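Q: One structure coming up, written as structure tokens, with questions to follow.
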Amino acid sequence: MFNLEVSDPAKLLFSKDDSLRILEQLITIRKFEEKSIELYKSGLMGGSLHGYIGQEAVAVGVCSQLNKDDYLTVTYRSRGQAIAKGASIEKLFAEMMGKVDGYCKGKGGPMHITDLEIGFLGANGIVGAGIPIATGAAFSAKKKGTSQVSVTFFGDGATNQGVFHEALNLASIWKLPVVFVCENNLYSEMSPIADMVPNEHLAERALAYHIPAVIVDGNDVEAVCKVAQEAIERARNNGGPTFIEAKTYRQQGHMFGDAETYRTKEEVNEWKKKDPIQLFTNKQIELGYITDELVEQLSHEIELKVEKAYQFALNSEQPNYDEIFTDVF
Amino acid sequence: MTRQITYAEAINEALDEILRDDESVFLLGEDIGHYGGVFKVTKGLYDKFGGDRVIDTPISESGFIGLGIGAAMTGLKPVIEIMWIDFTLVAIDQILNQAAKFSYMSGGQSKVPLVIRTQGGGGRGNGAQHSQSLEGLFAQFPGVKVVCPSTPYDVKGLLKSSVAENCPVIFIEHKMLYNTKGEVPEEDYSIPLGKADIKRKGSDVTIVSLSRMVQFSLNAAKELEKEGIDAEIIDLRSLAPLDIETVIESVKRTNRIVVVHEAHTTFGWGAEIVSRVQQDAFDYLDGPIIRVGAEDVPIPYNLELEKEVLPQVKDIVKAVKEALYIEVK
Ligand SMILES: Cc1ncc(C[n+]2csc(CCOP(=O)(O)OP(=O)(O)O)c2C)c(N)n1
Ligand SMILES: [Mg+2]
């Protein structure tokens, strides 16, 4: 019923420069995520840290195809999407530290990052809850006759939530410009999705609502770009919603500190061999577009940028107590 | 110029004017279009404004409230009808975890100007899942306003203000009030949220209530008048914002207070009023504060049993006598 969409190993999908920019984005997210672990370990942030390492190609692949004013709703696991959509890493770190320069003045935290300037309507702590909200933003775009598209990212587990089904049906009957991006990382929290859903492919669920669905290798950034581009174009041209199932894997636990007793080291190692950044780097090197040295230099520059942003956040002030009572309504 | 119209007609007029005056407003709900709503509140609006502004939805309360939130965040003003307040419980995540919290969590970036119109209360033998008074539940959550109008005049003026708010408003109509008539001016007007209305001036006791219980309290006042007791009736009109000042001011004059609501007595919002009054007007009280509310059982179907469970005029009369030490429990 479905083909797994992959890229052509023999050639780049985009120009040399654009490909390098995509790699830069991937590495930025990776470095940001690595730094976030350090942040968490230092006890500088509250709550839990839900990491994105291993899934970066999904965020970058989709967001690289969006305009600044296109809408996005995401989950608690979403600094990657924020960065890919153009968020400031300074403000991201600051929000994670609960500082006044954070996106939400320290009142939202990592699970509630919002940046309306880039259409980032909000991360969500409730599984599945952002799906109808993105559908509503698509409703707005359609009603106002703008050509904006709305995208919602969610996990495999979220497809077992009622609102997922309600929103897909609404998007379908009203032909809304929304793209449903399901990041199937094989686990919903500590439960294998295979135990929780009878379907082999979650994309099948979209077909029940007459929504065109594709399955893509979520660790192949070019393949994600390609299916996202098609879906976004369909939405922009009044062709209605699309469902993308990106098969991927989170290389670390559900949250920092997860004992990961539900999966084997071998399984994790197998997936690490399919690391999205490594795959795309190797491809560009093999095709002769970039060199090891260039990648090393790029990584180093990004590391410095991330470090600088981190320092900015460290030096940011705590919010004033007055902030407790603002923004309630 | 004023004329007599029903509560339902007053809501219909308000919606008509709102749709006429503000392009960004649209109505969403089950059977509200063609059919005009099961209580006929949206009658004629579909024909007048078309299916793009008065939209019939699938039976997906979470889904279309979520959609409304997304639309509200991106520049539209949805007015959603939830056919029975009992069904808001199906969508409580979207209302209370999402709509109520976006402004705060985003540090004031996201606003959700969404009105949820619904109807509650008993009196029609609709049974336990179609007769609830849930205003107190919503009022417990910072981030939503809760409005409960009691007359045709109030319902129109308060609805117009509710739609002008830049935050979620739960607008709770009462099924038994739809056919009640009252004076409503032909001229445009609105009533600000958070201003209680003294529906009857009196000097011996303050009766605080809202929605259908206002009329019951007025009827009780008539009975009491025969016995020489002069009751002041305060219609709170909204629980959030709560105009406690008007209540305190009144108690300072009457020195006695009874709180009447159709919600269950235990943990009902009456307790909040009691607490505030004893705190702010302790020295003015000459007797115990009495609460009148529904018995703590699900609302029974049988009309006689239902009557027994819900507060009646005689219960209010009795409570006033208790508050005045005329009748001792
Ligand atoms: C409604 C709800 N139920 C449960 C949780 C707790 N929880 C947080 S993440 C998660 C797993 C979600 O899995 P999935 O959708 O696959 O996303 P992933 O974490 O893998 O990215 C659960 C159960 C929650 N946040 N919200
Ligand atoms: Mg998952």
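Q: Out of all the residues in segment B:75-93, which are more than 19 Å from B:Gly37 (Cα to Cα), free of Cβ contacts under 8 Å to residues at least 60 places away in the same chain and more than 8 Å from chain A (Cβ to nearest Cβ)?
A: We begin by selecting, within segment B:75-93, every residue more than 19 Å from B:Gly37 (Cα to Cα); these are B:75-77, B:89-93.
From what's left, free of Cβ contacts under 8 Å to residues at least 60 places away in the same chain: B:75-76, B:89-93.
Residues satisfying the conditions are B:Leu89, B:Val90, B:Ala91, B:Ile92.
Q: Answer yes or no: is there a residue in segment A:278-300 that is surrounded by 11 or more Cβ atoms within 10 Å (Cβ to Cβ), within 30 Å of B:Ser103 (Cα to Cα) and in contact (Cβ under 8 Å) with a residue 12 or more places away in the chain.
A: Within segment A:278-300, not a single residue is surrounded by 11 or more Cβ atoms within 10 Å (Cβ to Cβ), within 30 Å of B:Ser103 (Cα to Cα) and in contact (Cβ under 8 Å) with a residue 12 or more places away in the chain.
Q: Looking at B:Lys329, B:Lys318, B:Lys314, B:Lys307 in this structure, which one is at pLDDT below 95 and surrounded by fewer than 23 Cβ atoms within 10 Å (Cβ to Cβ)? Step through it out loud before you land on a result.
A: Numbers: B:Lys318 fails: at pLDDT below 95; B:Lys314 fails: at pLDDT below 95; B:Lys307 fails: at pLDDT below 95.
After applying the criteria, what remains is B:Lys329.
Q: Quick one: in segment A:47-99, which of the residues that are in contact (Cβ under 8 Å) with a residue 40 or more places away in the chain and on the phi > 0 side of the Ramachandran plot is farthest from the other protein chains (Cβ to nearest Cβ)?
A: The selected residue is A:Gly54.
Q: Continuing with the same structure: Residue by residue through segment B:18-74, note down the ones that are under 15 Å from B:Val163 (Cβ atoms) and facing chain A (nearest Cβ under 7 Å).
A: B:Gly68, B:Ala71
Q: Looking at segment A:143-166, which of its residues are within 15 Å of ligand 1 (Cβ to nearest atom), in contact with a strand residue (DSSP E or B) (Cβ under 8 Å, 6 or more places away or on another chain) and of a type in the set (Gly, Ala, Ser)?
A: Result: A:Gly155, A:Gly157, A:Ala158.
Q: In segment A:178-223, which residue that is within 13 Å of ligand 1 (Cβ to nearest atom) and among the aromatic types (Phe, Trp, Tyr) is farthest from the other protein chains (Cβ to nearest Cβ)?
A: A:Tyr187
Q: Another one. Conditions first: (1) more than 30 Å from A:Cys182 (Cβ to Cβ); (2) buried (at least 17 other Cβ atoms within 10 Å of the Cβ). A:Gly253 passes all but one, so which condition is the exception?
A: (1)
Q: Another question, if that's okay. Give just the number: which of (1) surrounded by 22 or more Cβ atoms within 10 Å (Cβ to Cβ); (2) outside any helix (DSSP H, G or I) does A:Thr135 not satisfy?
A: Evaluating A:Thr135 over (1) surrounded by 22 or more Cβ atoms within 10 Å (Cβ to Cβ); (2) outside any helix (DSSP H, G or I) leaves (2) as the failure.
Q: Could you give every pair whose Cβ atoms fall below 6 Å, whose first residue belongs to segment B:154-171 and is assigned to a helix (DSSP H, G or I), and whose second residue is of a type in the set (Ser, Thr, Tyr), counting only separations of at least 6 or pairs across chains?
A: Final answer for the pair search is B:Val155/B:Tyr7; B:Gly157/B:Tyr189; B:Gly157/B:Ser190; B:Lys160/B:Ser190; B:Ser161/B:Ser190.
Q: Ok, one more. Restricting the search to segment B:249-269, which residues are assigned to a helix (DSSP H, G or I) and touching a residue at least 24 places away in the same chain (Cβ under 8 Å)? Walk me through how you get there before you give the answer.
A: To start, the set of residues in segment B:249-269 that are assigned to a helix (DSSP H, G or I) comprises B:249-254.
B:Ser250, B:Val251, B:Lys252, B:Arg253, B:Thr254, listed by residue number.
Q: Moving to a separate point now. Check whether at least one residue in segment B:145-156 is surrounded by fewer than 24 Cβ atoms within 10 Å (Cβ to Cβ) and within 14 Å of chain A (Cβ to nearest Cβ), and report yes or no.
A: Checked against the condition, which is being surrounded by fewer than 24 Cβ atoms within 10 Å (Cβ to Cβ) and within 14 Å of chain A (Cβ to nearest Cβ), segment B:145-156 yields at least one hit.
Q: Within the set of pairs 6+ apart or on separate chains, which have a first residue in segment A:126-153 that is facing another protein chain (nearest Cβ under 7 Å), a second that is crowded, with 24+ Cβ neighbours inside 10 Å and assigned to a loop (DSSP other than H, G, I, E, B), and C-beta atoms under 7 Å apart?
A: A:Thr135/A:Leu176; A:Ala137/B:Thr74; A:Phe139/A:Leu176; A:Ser140/B:Thr74
Q: Can you name the number of the only condition in (1) part of a strand (DSSP E or B); (2) closer than 20 Å to A:Glu230 by Cα that A:Val58 fails?
A: (1)
The values are calculated or read from the model by the stated rules, or taken from the named source; none is laboratory data. Keep in mind that what you see is a predicted model, and the values were worked out from it rather than measured. Glycine gets a Cβ as well: all are built from the backbone with ideal geometry, and neighbour counts include every protein chain shown.
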